[in-house]
Amino acid sequence: MSSTLTAKWQAMAPQFQGILRIMTAFAYITHGTAKLFAVPYAVTPDGSTVALFSQFGAAGIIEMVGGTLLLLGFCTRPIAFLIAGEMAVAYFQFHFPNSPWPWANTGEVPFLFCFIWLFFSAAGAGGLSIDSLRKR
């Protein structure tokens, strides 16, 4: 019985991979909406949005558009690779100079996003995705 349960659980890996992608993309999108629309929070001290034609504006666009594509699981591998690179730049440009350790430099979020998206660039979208529907 144990092996049957284990087999059923392992067979659900693509669906869990899809759920991880969807939930991570949802969290990722909120960073873009915060930069571009100050929703659900503002990233600037005065509560305004970032300048659209700035590095933070470009990051917001990448986070919103790329995050939405990843939420849907569309062109997952190249988009995830691009976004992993964006998160690596964010980490090394803004967090790493303070300390090499993510938990000491407040860089855990971009650090984790980078490696989660790197995983999806190699593994693909998993279940519950447009990519998986296109394969049929």
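Summary table
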read-out	value
Where labels lie 7 Å past Cα in the beta-carbon direction, separation of PHE53 and MET12 in nm	5.1 nm
Gyration tensor verdict on the chain (Cα atoms; rounded if a/c is under 1.5, prolate if a/b is larger than b/c, oblate otherwise)	prolate
MET23 versus PHE37: modelled label distance in nm, points set 7 Å from Cα along the beta carbon direction	2.4 nm
In nm, spacing of pseudo-spin labels at ILE61 and PHE81 (7 Å Cα→C-beta vector)	2.2 nm
FRET efficiency, ILE130 to LEU5 (Cβ-Cβ, R0 30 Å, nearest 0.05)	0.45
Rounded FRET efficiency, nearest 0.05, which uses the C-beta distance separating PHE74 from THR106 and R0 of 35 Å	0.65
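Read-outs throughout are calculated quantities, based only on the coordinates presented, and are distinct from any laboratory measurement. Note that the structure is a prediction, hence the values are computed from the model and not measured. Ideal geometry is used to build each Cβ from the backbone, glycine not excepted, and the neighbour counts take in all protein chains shown.
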